[in-house]
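Bear in mind these aren't lab numbers, they're just calculated from the coordinates by the rules spelled out. Because the structure is predicted, anything quoted here is derived from the model rather than measured. Don't worry about glycine lacking a Cβ; one is built from the backbone with ideal geometry, like all the others, and counts go over all protein chains shown.
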Amino acid sequence: MQDTITVRPSWGRRLAGIEGLRGIAALSVMVYHLALTTSFQVQTGPLEILFSLCNQGLTLFFVLSGFLLYRPFVSAIVQGRQLPSIRRYAYNRLLRIYPAYIVIFVVTGLFVGSVYLHGSTHGFGPENIGRLTDPLKIAANVLLVHMFIPEYVMSGLPVSWSLTAEITFYFVLPLVAFLALWRIRKGSRKTAALVCAPLAMVIVGLGITLWASDAASRMSPIDAANFGFGQTGSAVFLRSFLAQADLFGYGMLAAVAVVVIHERGVERVQTRVKAALVLVAALIELLALEFARPVISTVSGVAAALVLLAVVLPSSRGDDLNRTARVLEWLPFRFTGVMSYSIYLWHLPVIFWLMGHHRTFGQNTLALPLNGLLVLAITLSLSTLTYYFVERPAMKLKRPALKVQQPEPQQELSVKR
């Protein structure tokens, strides 16, 4: 029996390889949290560098958001078209974030009891992992505004702080597009107008990162943890969109580069160019791990943007997926990418439940693969359920963008089974 999966080239509406990048990001976050919780001893062992890299999975998510969401606005401005409908944009973003989040929050936070009651700085014991009962805290978590309230910081689903930053970016993005249009009407060149706000975001985010790193370096470990993740005003600020703005900005700059290259009629990019992008990304990441740990997140943002360019730029043949994208279209990457949002939301409550019921295999390096397989199996099972019964039905309610041109030619990849 033979099935056919239709894949558009990287210049098409669906960018080949993006789901694979999402899958890598989700699995990286999961592996890092495994090291942080069920197998914390490996963080000081020979695998420490690996887990430091996995800690940048969220960075990749933010860069992807900046790229994917800014690209339609950039394309419309460069081509002189009307901007995407803000009402449709807001409606679609709401459908993407809230349905799965609310379902998983209710299951884990109100019934199973595997979320933070107070916050990540309070440990993983029963006094901090359980069911939320405070109505105001529950309401703040449901609305994803808890990260604006110091006493609620890091309560609920452990990763939900990043969703608050993401939603703030959703509000900011249309303003960035309108600002670019205003600058163009005042006489600025299109490319300069489009990169102005992303560059400002990079400067702001990097500045906050440097300030926070310097401040934390002069604190005790406990004070530093509370400074960044505790129930403090500084944690509200450091977990906010502003503190992550550089990561979104790198993705937005990549979006401008891709659209401009496309509009200039580039149909082929040599393989050696894309290979150079990946090699530079790997090099600066390794250098940052060795010499620039305080700014590892922003360096990882640059590296992620370079890899993203290598994935979405067209092949050297001009009529096929480039090799990097083809690797990321491999079924395991695609599958985890499609499920990545649910994986991201489910994995820590799963870990907390296993720890609370003493179902892990220990806290050492040898136990890590077993813990990983167990968490992955449960998380993928739950993620499959929420994807097919919550996420996908919600996404079918999305309002499609108006078509402005004929779709790119498609290629067919045959998959035998």
* **Count - residues of region 109-155 that are surrounded by 15 or more Cβ atoms within 10 Å (Cβ to Cβ) and either in a loop (DSSP other than H, G, I, E, B) or out of contact with any helix residue (DSSP H, G or I) (no Cβ under 9 Å at 6 or more places or on another chain) (or both)** => 13
* To do: Write out, first by first residue and then by second, each pair whose Cβ atoms fall under 7 Å of each other, whose residues are 6+ apart or on separate chains, and whose first residue, in region 377-401, is over 27 Å from Leu34 (Cα atoms) while the second is among the polar types (S, T, N, Q).
  => Lys398/Asn92; Arg399/Asn92
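Looking at the structure I just gave you, is Ser234 without any contact (Cβ under 8 Å) to a residue 24 or more places away in the chain and among the hydroxyl-bearing types (Ser, Thr, Tyr)? Walk me through how you get there before you give the answer.
Details: without any contact (Cβ under 8 Å) to a residue 24 or more places away in the chain: yes; among the hydroxyl-bearing types (Ser, Thr, Tyr): yes.
It is true that Ser234 is without any contact (Cβ under 8 Å) to a residue 24 or more places away in the chain and among the hydroxyl-bearing types (Ser, Thr, Tyr).
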